[in-house]
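Input: a single structure, listed below in structure tokens.
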Amino acid sequence: MISHGVVRARSLISDQEAQAGAPNWCLAELSGRLCELLALSAATESSALLTAATYLIADAQRCAEPVAWICAASALFFPPDLESNGVDLQALTILRVADAQDAAQAADQLLRSGCFGLLVIDLSAVETKISDAVLARLKGLVRTHQATVLFLCNAAESDRSALGSMVSFRACARSRVISAGRFALEIEVSRDKRRGTPWRWTETCNGPPGMS
Amino acid sequence: MVRPACLSIVQFPLQILLNANPEWSSHAVAVVSEDKPLGIILETNRVAREAGVQRGMRYSVALTVCPALQADVVGSDAVQQQIDECISLLYRHTPHVEECSFDPGTFWLDARGLESLYRSVEQWVGALRSAMAGIGYFCRICVGFSRFGSYAGAKSATRLFRSSAQERRWAQSAAVSLLPFTPKVQQRLAQLGITTVAEFCALPRESIRNRFGAETDTVYRFAVEDDIVPLQGSAPLSELTSTTRPAAPIRDRTLLLAEIESLLLDVLSQTVAAGLYLQQLCIELTFEDQTLQREVLRPAAASRDAAVWLRLLRLRIEELSASSGVLRLALNAEAAAAPVSQNELFSAVVKRDPAAAAGAFARLRARFGNGVVCRVVLQQEHRPDRQFVLLPLDRLQLPAVRTDVNQQGLQLVRRIYDSASELPARDRLRPAAGPFIVAGRWWEQESERHYYYAYHGKRIVWLYYDSETDLWMLQGSVE
């Protein structure tokens, strides 16, 4: 009964600490969680998966947390853009694997080492097929090592999940033109098990070189 | 070496009353429990004592003895307000101030390491007395080696104990009337012929609560128990409370523990929400026979770690002897903002060991091939696809703090395909920006490329026109 109480109290405290302030797209908000960031595959939306992930990587590196990018696609972020967004590329580990299962296995190994504070798994160009058992294992590891796993996925609709109920945080990232060369990065959170209610985070940003 | 100093404001409620009514200073003045004829005289000044007014007297009787008596009630709010004022003042002279829970107007101060600031402990004591006099309070200060010893010393005069043995001898021989007992308890002790602290401490522990009540028991425990808890700062404090009244009286210890545990979780969640740390927990148990039992728990340092509190709680509850069931439980917690070191202790930052990553990299290379783990190295090239290369990574490097970050803020990030693919059709694209002409390596007869951004619906794609092949190629997208 006591140990149960301790676990409850600890989870209560960590949850309440996260809830203490206004919701924010930052590592502290997502710490110890499996997160899913979606881009709508419909052409009516402009995806901002990479920009949102880059913002989080820069935040993690500011907290001295090592970051790994696991890519299961034949495309990569354009590294100079990450550098101009404040990411230390020297400290960014990149893994290139074939599919979602391999990406999950690689994530498992990296999390077990306890060295990484953030893993970004880019599954936007492959079929997102990871079993619940694997996700449950990853969930346990992120809790143990106070890490964050952020899956970048495509979805047909904003409320549809690519990974199911195992993720404790689900959001949709999109960009919107504000004026010439200026954009708004919008993160619309549809599932947040800690806060319980949907929330939205917006940040203005410039276009890539040539568009801003 | 621990050097607690006890600062005791003499007749604290009376001084509050006199500070609030300075015109009464030359009159007979008394503090009463209530402003009614049956109110009890709690404190008197010298003029009133000389006129025959005594502690414990009824207000009506005191007025008969001394018709010019000025008396009033000093409420707990006023007392607490003055205590807070004193604490803020005392913090200017010491790093730790601990308020006495059973004797308002008494504080323990940390006297260690202040010699370099005040030359000597005596000068520090003098500075404290002057500061207190500045806000209208006459006090006595005793620098000793334990809470009780310094307390007993400060109750009679300002003094400095040179050794713990001297302090112990003095405390044992001190008059029991120095302890904060009600007039009724003082009278009963006198009837029993108990005049010194040593005699009081020799009374059987079990009978104190039954004979004299819970308040006397608190003082007794203070006098006889070892003083091992370090001084704990008491400002700024917040009171947090959680109460429950079980459906049926709780007689089972396990059930009682479970009930208190749920109250504790409630209190802890309140401290987290307020950004505070629990410093003291007072458990109030009301039994079926209407007796009230108070248990006070204090950890070595303020904490909101549930495991720490539950461990202390279990130890205390195991020692609890209850004759009847518990009707009501209340948890009163004192919480305070933690010092920076405390935040660091429970910080969520986890130590990452880059060496441990090397093993993970080796396993990944064995599983997926030697080129699986890599890092990006930027290149000085014009063509986007040549502006970086991926090189194998053996050892994890911790991130450096970047000072050369783009000052213009966040920028949208492009995705670049490993190999550009031919655009099937351009009729659904709307130009967004371009062309940006990038020359190839002329010495290798490479052609120019005309880079563009275009909208495909609302998506932004990144493409180029190859002048040599006359093809439109998809280089990537903006995400």
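The values are calculated or read from the model by the stated rules, or taken from the named source; none is laboratory data. Because the structure is a prediction, the values reported are computed rather than measured. As a convention, Cβ positions derive from the backbone with ideal geometry for all residues, glycine included, and neighbour counts pool all protein chains shown. To get the accessible areas, we keep the full protein, side chains included, count just its heavy atoms, and leave off ligands, DNA and RNA. Shrake-Rupley method; radii C 1.70, N 1.55, O 1.52, S 1.80 Å.
So B:VAL74 fits all but one of (1) part of a helix (DSSP H, G or I); (2) more than 24 Å from B:ARG221 (Cβ to Cβ); (3) more than 22 Å from the chain's Cα centre (by Cα); what number is the exception?
Of everything listed in (1) part of a helix (DSSP H, G or I); (2) more than 24 Å from B:ARG221 (Cβ to Cβ); (3) more than 22 Å from the chain's Cα centre (by Cα), B:VAL74 misses just condition (1).
For the stretch B:385-407, name all the residues that are within 7 Å of another protein chain (Cβ to nearest Cβ) and either out of contact with any helix residue (DSSP H, G or I) (no Cβ under 9 Å at 6 or more places or on another chain) or modelled with pLDDT of 90 or more (or both).
Residues satisfying the conditions are B:GLN387, B:PHE388, B:LEU390.
Working only within the stretch B:369-384, note down all residues that are open to solvent by 50 Å² or more (accessible area, probe 1.4 Å) and either assigned by TED's automatic domain parsing to the domain that holds B:TRP442 or modelled with pLDDT under 90 (or both).
Once the filter is applied, which keeps residues that are open to solvent by 50 Å² or more (accessible area, probe 1.4 Å) and either assigned by TED's automatic domain parsing to the domain that holds B:TRP442 or modelled with pLDDT under 90 (or both), the stretch B:369-384 yields B:ASN370, B:GLY371, B:GLN379, B:GLN380, B:GLU381, B:HIS382.
Go through the stretch A:1-106 and tell me which helices (runs of 4 or more DSSP H), entirely inside it, have 3 or more residues that are out of contact with any Phe, Trp or Tyr (no Cβ under 7 Å at 6 or more places or on another chain) and at pLDDT below 85. Quick ask: steps written out before the conclusion?
Details: elements: A:2-19, A:27-30, A:49-62, A:79-84.
Result: A:2-19.
Mind telling me which of the residues A:LEU185, A:LEU135 ends up being more than 10 Å from chain B (Cβ to nearest Cβ) and either of a type in the set (Lys, Arg) or under 15 Å from the mean Cα position of the chain (by Cα) (or both)?
When all the criteria are applied, what remains is A:LEU135.
Taking the conditions exactly as written (out of contact with any helix residue (DSSP H, G or I) (no Cβ under 7 Å at 6 or more places or on another chain), among the small types (Gly, Ala, Ser) and more than 7 Å from chain B (Cβ to nearest Cβ)), does A:ALA68 satisfy them or not? Let's see the steps before the verdict.
Values: out of contact with any helix residue (DSSP H, G or I) (no Cβ under 7 Å at 6 or more places or on another chain): no; among the small types (Gly, Ala, Ser): yes; more than 7 Å from chain B (Cβ to nearest Cβ): yes.
No; evaluated as a whole, the condition is false for this residue.
Can you pull out the residues in the stretch B:80-115 that are of a type in the set (Ser, Thr, Tyr) and within 17 Å of B:ARG147 (Cα to Cα)?
Pass one, the stretch B:80-115, residues of a type in the set (Ser, Thr, Tyr): B:88, B:91, B:94, B:101, B:106.
Passing the criteria: B:THR94, B:SER101, B:THR106.
Take the stretch B:297-315 and flag every residue that is within 13 Å of B:LEU264 (Cβ to Cβ), within 13 Å of the chain's Cα centre (by Cα) and not acidic (Asp, Glu). Spell out the reasoning first.
Pass one, the stretch B:297-315, residues within 13 Å of B:LEU264 (Cβ to Cβ): B:297, B:299, B:303-314.
Now narrow it down to the ones that are within 13 Å of the chain's Cα centre (by Cα): B:299, B:303-305.
Passing the criteria: B:PRO299, B:SER303, B:ARG304.
Is it fair to say B:ARG162 is farther than 29 Å from B:GLY56 by Cβ, in the same structural domain as B:PHE107 (by TED's automatic domain parsing), open to solvent by 20 Å² or more (accessible area, probe 1.4 Å) and at pLDDT below 85?
On the way: farther than 29 Å from B:GLY56 by Cβ: yes; in the same structural domain as B:PHE107 (by TED's automatic domain parsing): yes; open to solvent by 20 Å² or more (accessible area, probe 1.4 Å): yes; at pLDDT below 85: yes.
Yes.
Restricting the search to the stretch A:113-129, which residues are open to solvent by 10 Å² or more (accessible area, probe 1.4 Å) and more than 7 Å from chain B (Cβ to nearest Cβ)?
Matches in the stretch A:113-129: A:SER124, A:ALA125, A:VAL126, A:GLU127, A:THR128, A:LYS129.
Scan the stretch A:84-93 and tell me whether some residue there is more than 7 Å from chain B (Cβ to nearest Cβ) and in contact (Cβ under 8 Å) with a residue 12 or more places away in the chain.
Yes; the residues of the stretch A:84-93 include at least one that is more than 7 Å from chain B (Cβ to nearest Cβ) and in contact (Cβ under 8 Å) with a residue 12 or more places away in the chain.
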